[in-house]
């Protein structure tokens, strides 16, 4: 039976790694991710977790070591944030392209410059095209659940793709909140023993990630794209099995009071919970508003997303990063996903929460009102960025 505990999301991730019986951990500390490798190193040192902890000199080496350990059949884990994710960027592509099943937790943080240790989504958005399965957490419970679930999906023989679990730096990584920690037997029931069928073995030599001549490179990339798209069925099945065992259910697009809403706000990550308070207050006033949040970022859940917004007149997409020269990356993808729909809502993009700037309930009130105003004016372009106390930042 699950027990109720109070954990910050970083320690919830460490508990998930331990209960997933990981064989190898290789990580380099960087704010605000540091509590995860610190806690895991402590678990290994005091015998709570029987795993090899590899200390490395950089994030590039951390992921490289993990790919090597997966290649020989070891269940592996790493974690990073911000500039650390950028330093390992080269290797991120390798992990997906060579179909190495593992889990990496990213404590989302702003990218420099100026230097910022606070959270937004600019780091993960730089990796949206790397080929990893990518999901977002809203709280500590989800950080635990999705880490365990990540191994279940990544290691499925129909998938064999690494999973990136995103949680907001500081907002989740350093905040303690109540959650349920399951029994080890429950996790063991959900997560099978890792058996990598392509493990390197000197008795049966093979190569991973060799040279791809022009006559095979395109075929390899197409195969990778097909595999990532097909992984969605296993992703959904994994969430169903998780719900059957643990009683907590997840879906690619989460909806909150959205079924009959004429105006929808789209969010990702922990700010979704703040936005829900605003939605409740507006609903109490009789307004037809709702919230949808993207749980699954890659592969993009086209079908579920289109269904979720099908009855709305206006969709306001709240981004926490800027795609320079374009606007908000989630906004641009939301518009693209709806382009071929004969009946679609007007899509408005607003950016906020950059560099850890707080977004309170009143700020989401402003986002909703301003988004509706933009839509009524006949514009659907991303034109504004929310600053402090709800005012708009003008270039």
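The values are calculated or read from the model by the stated rules, or taken from the named source; none is laboratory data. Computed from a prediction, not measured in an experiment: that's the story for all the values here. Virtual Cβ from ideal backbone geometry, glycine too; neighbours counted across all protein chains shown.
Table: residues versus (1) surrounded by 14 or more Cβ atoms within 10 Å (Cβ to Cβ); (2) touching a helix residue (DSSP H, G or I) at 6+ places or on another chain (Cβ under 6 Å); (3) in the same structural domain as residue 139 (by TED's automatic domain parsing).
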residue: 153; (1), (2), (3): yes, yes, yes
residue: 158; (1), (2), (3): no, yes, yes
residue: 162; (1), (2), (3): yes, yes, yes
residue: 175; (1), (2), (3): yes, no, yes
residue: 193; (1), (2), (3): no, no, yes
In the stretch 12-47, how many residues are in a helix (DSSP H, G or I) and touching a residue at least 40 places away in the same chain (Cβ under 8 Å)?
9
Looking only at the stretch 243-273, which residues are closer than 16 Å to residue 369 by Cβ and either surrounded by fewer than 19 Cβ atoms within 10 Å (Cβ to Cβ) or assigned by TED's automatic domain parsing to the domain that holds residue 164 (or both)?
262
Which residue out of 240, 230 is closer than 14 Å to residue 149 by Cβ, modelled with pLDDT of 95 or more and either part of a helix (DSSP H, G or I) or not assigned by TED's automatic domain parsing to the domain that holds residue 148 (or both)?
240
Return a yes/no flag: does the stretch 76-96 have any residue that is over 24 Å from residue 137 (Cβ atoms), assigned by TED's automatic domain parsing to the domain that holds residue 172 and at pLDDT 95 or above.
yes
Filter pass, residue 71 being touching a residue at least 60 places away in the same chain (Cβ under 8 Å) and touching a strand residue (DSSP E or B) at 6+ places or on another chain (Cβ under 6 Å):
no
